[in-house]
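Scroll down for the structure; my scribbles are underneath it.
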């Protein structure tokens, strides 16, 4: 269950990061509210997951999922240019997240 919550929290990290950019320095109300709600839920989920997953692993997975989804969303929406090298680098992050999960399972 902790891993599912951790992954959901990583998704919410991408949501709050994207909303933060869309808030234009907290001058737009709806993205600012989305940012605050997603941030609280993301941090709460991360804290919950850290009860069973070591801090370093949980944090790395949380950041990896959030960063990967944030850049992919930016490329899909056209906010950032897409390229083969960027996609390969994002896949590298995803591979590292999966590897951390596998190593974590092997230790238990």
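Quick note: the coordinates plus some simple rules give every number you see, no bench work behind them. The model shown is predicted, which means the values in this text are computed figures rather than measured ones. Reconstructed Cβ throughout: ideal geometry from the backbone, glycine too, with neighbour counts over all protein chains shown.
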GNM on the chain, Cα springs under 10 Å; top mean-square fluctuation among 85, 71, 93 goes to 85
The chain, Gaussian network, Cα under 10 Å: of 20, 39, 91, the residue fluctuating most is 91
The helix 55-77 Cα axis meets the longest alpha-carbon principal axis of the chain at an angle in degrees, between 0 and 90 and rounded to 10, of 40
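Quote the relative contact order of the stretch 5-63 in percent (integer), defining contacts as alpha-carbon pairs under 8 Å separated by 6+ residues.
This gives 48 percent for the stretch 5-63.
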Semi-axes (Å, rounded, descending) of the ellipsoid equivalent to the chain per its C-alpha gyration tensor are 25, 20, 7
Distance in nm between residue 8 and residue 36 label points, each 7 Å along Cα→Cβ, equals 2.3
Relative contact order of the stretch 2-107 (C-alpha contacts under 8 Å, at least 6 apart) in percent is 31
Measuring from the longest principal axis of the C-alpha atoms of the chain, the long axis of helix 29-49 (C-alpha) lies at a number of degrees, nearest 10, equal to 10
With Cα coordinates, the longest principal axis of the chain makes an angle with the long axis of helix 2-22, in degrees rounded to 10, of 20
